[in-house]
Amino acid sequence: MATARTPAGLAHGTHGGVGESAPRPDGTLKVTGEFAYASDLWHEDMLWGVTLRSPHAHARILSADVSAALATPGVYAVLTHADLPAATRYGLEIQDTPVLADGVVRYHGEPVALVAADHPETARRAAARIRIAYEELPVVHDEESATAPGAPVLHPGRDDDHAVHVAHPNIVHRQPVVRGDVAAARARADVVVSGDYEVGMQDQAFLGPESGLAVPAGDGGVDLYIATQWLHADLRQIAPVLGLPEDKVRMTLSGVGGAFGGREDLSMQAHACLLALRTGRPVKMVYNRFESFFGHVHRHPARLHYEHGASRDGQLLYVQARIVLDGGAYASSSPAVVGNAASLAVGPYVVDHVDVEALALYTNNPPCGAMRGFGAVQACFAYEAQMDRLAERLGLDPVEFRQRNAMAQGAVMPTGQVVDAPAPVAELLRRVKARPMPPGRPWETAGGAPDVRALPGGLSNTTHGEGVVRGVGYAVGIKNVGFSEGFDDYSTARVRLEAVAGQPVATVHTAMAEVGQGGVTVHAQIARTELGVTQVVLQPADTRVGSAGSTSASRQTYVTGGAVLHACRAVREEVFALGRARLGAYHPAWAHAELLLEGGKVTTEAGEVLADLADVLEDEVIEVEREWRHRPTEPFDLRTGQGDGHVQYSFAAHRAVVDVDTELGLVKVVELACAQDVGKAVNPLAVTGQIQGGTVQGLGLAVMEEIVVSADGLVRNPSFTDYLIPTVLDTPAIPVDVLELADEHAPYGLRGAGEAPTLSSTPAVVAAIRAATGLALKRVPVRPEHLTGT
Amino acid sequence: MRVNFTVNGRPQQADDVWEGESLLYVLRERLGLPGSKNACEQGECGSCTVRLDGLPVCACLVAAGQAEGREVVTVEGLAEHARRRAAGDGTTARAPAGTSLDEARRWTPAPGGPGAQALSPVQQAFVDAGAVQCGFCTPGLLVAADELIERNPEPSDADIREALSGNLCRCTGYETILDAVRLAAARAGEAG
């Protein structure tokens, strides 16, 4: 696809276009404190909503008494399941999630009742006065307990599409991927390595809590101002719960304080609307951090068994793998996570003989769904650990071994899909390896006294260098971009061009959820490049325009960006038609030359200026709405996993350098270098920010982050005191090397960038810790006790 | 109860404050200053960092009553705070409240959006360095970083990391935040 061309006659292209590190349009508001996040919204006469949640992981509700709560002064409504007006269940794919618990609670923290009151503390105290009588039920918490004979079935009478092909009703979905002949390959293998790996439950830990404001409208509908990842998917789920047609539920995106997958499912959306419609008053709901840990799905914890076989000369012959993901109490996006884990289970390597199965369980653990990396993260931790062990057995350098087996453009995935765009896996590894190493013993100073801030343990002053060992590790990963397996993954964009006070102004309207990633910046850049204008107005994202799909799967720059691009090009053609009609008689180039919009003017490709854009437009307003789709995908065969299931693949590699205090088990990550191919860096500063941010989330999974769930299904650490995410002291220097190898199928050749760096960061850090300690380390996060054996 | 204190140079009075309310709640919900953020409300994330008589504190951990008679600076007042500091007014907190007639007459709308010319050096550096993504941590980081540069105009990387270690960011991986603080300090050094 052609990128923007700059005519020779203009010294400067349009400023702030594609390829530049244009500043964020919301940057100034965000640094002055004026940017309105969902939790900042306020309305006259507004009430506060709170949620009463289950204290048990699995229990029958015997009775509910809300009288004391309702009698509390300042309380306007108390709702339980019995008060729901219409549909009582919702879900992204499978409608198995109760709006409020229906006789049974299936996980710790499941919503049971709602309260609206005039002060949040009044609402909380009233919620505490609701009397729910529970009868506790047996809990299933892993594969063994979920599929044991006589195990409690979480969702009896399932009628979803996956129910018919799973071996047990507590299995949400199972996807095999089978290719070649593993048994024959195993017989030929000189080296076989097998291992069991485990990934803990990671939380998105976006900083802006779940929140929104629902305002009842005079027409019986409701206006919802909300922090979400996908307005139209929310709408599709909320409207049936309210018993309203979709046009009576008008949604507007408010400021979103991060997402990372955790806002793909509904949290308080339907609850706030129900309270607003019941009370006739605007209702605001804001979770605190404690509730946020219960209020959204998490990354699936996983148990993975891998067996790899290789020839003596270092060629991978086969991979056999079994990946068991814990989906928790409700389906959320578990089926799609299973599809990703299965299809990407082998990693970015060429392997002819593959036998993989991935499945997700229903258990009484917290529901799990989307988080950055989406099924590929868990697999990457395991296959990269296997690659290091194979290299060691073969006596090969771990990077060289990976490079020998690295896929490249034209490679065939285990699903049979041909990778028909650049796949520079070996080059990414080469780049991170070629970087100069950070200096050793960084705590040593000229004065002699160590700078403890550069040591494991930091200002805790636990070592001055004794017992500290350095390690280096490498990893590389593969992530799909966009929604897969035949999903109709489109975006809508409306673009208007007009002259305002003699200047051309473009207006871009989409429903894309800006969650921090910088999609708004990119949309303005695309409009500037395609329409040659400087001024671009971005309309608030809302449901008055068609769906922009989800801000997930690294897809927004590709798909909604693609929609903006094509809408702009349609506008441009109308400008040229208008110009030919109005001015064509004055210059033959209008009819015969290739025309461009550049710097507010209509020019020929050679750079001759034909007219000011504003003069062509006069009072005309050109507005175009376009839906845009990437190439279609197809479902994976349920038995073999074969199929062109993915749109695009994205690759990143990391080198981690760590210092480990081997006596105390404390890890200091010294440097975490990343190389990634982004196809085209539409905004280089934003791309680097995505890579560094994803890298640090991977570091968090490697050494810190886990939601601890006890065997009885209770969440033990729902706070930032006990669930640790990396601080600036835990975070190393992150040098980034960005490759731009165009994918000819994608707008501007770009490649979705947000997720790939989250994959390889974790195994690289753990590989470095293994190198420093000699320990096997088959579970993340790695904790001090895993290193000291205490 | 009634609480009287000064916010960003202006005397403020909050009525009907429940004794359990935090300074953060009063700022956000009673005084219309939602810039200080509510990411954890337990003193772990730093997104509600404000200056209380000059010291950076988590507003969520300060009972509103504890602010009685004291001076608070929030992100909304950071640009003005920095401007007065640059003007050599050592008594920034005691400066007269509001906008003077002279100042009002000199005011012109800033090109490039609301407040574009009014940013403090730290605020501008965060925009320029790409240190803002979702921006929810940004107000607290700005207040903390501004305070760091105020007391240590040439901070080392280790100094910056130590000063900002109470502020969580989930988007950036902190690299661009370090860039922004280095940039702000360097610009202040050039200007000074």
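The values are calculated or read from the model by the stated rules, or taken from the named source; none is laboratory data. Quantities reported herein were computed from a predicted structural model and do not represent experimental measurements. Neighbour counts are summed over all protein chains in view; Cβ atoms, including those assigned to glycine, are modelled from backbone coordinates with ideal geometry. SASA here: full protein model, heavy atoms, side chains in, ligands and nucleic acids out. Shrake-Rupley method; radii C 1.70, N 1.55, O 1.52, S 1.80 Å.
Here are some notes:
- Qualifying aspartates and glutamates (Cα of each under 17 Å from Cα of A:K30; at least 8 residues distant if same chain): A:D40, A:E514, B:E76, B:E80, B:D128, B:D146
- For A:449-461, mean number of other protein chain Cβ atoms within 10 Å: 1
- Phi angles across region A:346-354 convert, under the Karplus curve 6.51 cos²θ - 1.76 cosθ + 1.60 with θ = phi - 60°, into 3J(HN,Hα) values of 8, x, x, 10, 8, 9, 7, 10, 9 Hz, Gly and Pro given as x.
- For region B:5-79, DSSP calls about 85 percent of its internal beta bridges antiparallel.
- Mean per-residue shielding of peptide A:114-123 is 1, counting Cβ atoms of other chains within 10 Å of each Cβ.
- Under 5 Å, built H, 5+ apart or other chain: amide partners of A:D181: A:V354
- Shown for region A:182-230: residues covered by the partner protein chains by 20 Å² or more of accessible area relative to the chain by itself (probe radius 1.4 Å), namely A:L207, A:P209.
- Here the protein assembly as shown carries DSSP beta bridges of which approximately 80% are antiparallel, counting only pairs with both residues inside.
- With Cα atoms defining each centre, region A:495-559 and region A:97-148 are spaced 41 Å apart in the structure.
- The contact residues of region A:660-687, meaning those that lose at least 40 Å² of 1.4 Å-probe accessible area when all protein chains sit together rather than their chain alone, are A:L685.
- Normalised by the number of residues in region B:3-74, the average gap of Cα pairs under 8 Å and 6 or more apart makes the relative contact order 41 percent.
- Each peptide in A:645-653, A:622-630 was scored by the mean count of other Cβ atoms within 10 Å over its residues; highest first, the order is A:645-653, A:622-630.
- A:G17 sits among other residues whose Cβ lies under 11 Å from its own Cβ, and their net charge, with Lys and Arg +1 and Asp and Glu -1, is -2.
- Shielding value for B:119-127 is 3, the average number of Cβ atoms from other chains within 10 Å of each residue's Cβ.
- Summed residue charge, Cβ within 13 Å of B:R151's Cβ, Lys/Arg positive, Asp/Glu negative: -4
- Rolling a 1.4 angstrom probe over the protein assembly as shown with all protein chains present gives an accessible area of which 50% lies on carbon and sulfur atoms.
- Peptide packing: for A:150-158, A:721-729, A:398-406, the average count of neighbouring Cβ atoms within 10 Å per residue gives the ranking A:398-406, A:721-729, A:150-158, highest mean first.
- Average accessible surface for chain A: 34 Å² per residue, computed with a 1.4 Å probe over protein heavy atoms with every protein chain in place.
- In region B:3-74, inverting the average of 1/r over every pair of distinct C-alpha atoms gives 11.7 Å as the Kirkwood radius.
- Between A:T463, A:A475, A:H58, the Cα set farthest toward the positive side of the dipole of chain A (charges on each charged residue's Cβ, about the Cα centre) is that of A:T463.
- Point-charge dipole on Cβ atoms (K/R +1, D/E -1) for the protein assembly as shown, about Cα centre, debye to 20: 600
- Built amide H within the under 5 Å cut-off of A:A360, gap 5+: A:V172, A:H173, A:L325
- Between B and A, accessible area buried - total, square angstrom, nearest 100, 1.4 angstrom probe: 4300
- A:G109 long-range amide H proximity, modeled H, under 5 Å: A:S54, A:H56
- The calculated P(r) of chain A, using every Cα pair and 20 Å bins from 0, goes 16, 46, 32, 6, 0 in percent.
- Charge dipole (chain A, unit charges on Cβ, about Cα centre) - positive-most of A:T122, A:V105, A:W443: A:W443
- Counting Lys and Arg as +1 and Asp and Glu as -1 over every other residue whose Cβ lies under 9 Å from the Cβ of A:G457, the net charge comes to 0.
- Of interest is the spacing of the C-alpha centroids, which for region B:1-49 and region A:243-300 amounts to 24 Å.
- Ordered by 1.4 Å accessible area with all protein chains kept, A:D196, A:D388, A:D542 run largest first as A:D196, A:D388, A:D542.
- Under 13 Å from the Cα of A:K248 - aspartates and glutamates, other chains or at least 8 residues apart: A:D219, A:D223
- Partners for A:K680 among aspartates and glutamates (Cα-Cα distance below 18 Å; same-chain residues under 8 apart left out): A:E20, A:D420, A:E427, A:E530, A:D737, A:E740, A:D743, A:E744, A:E755
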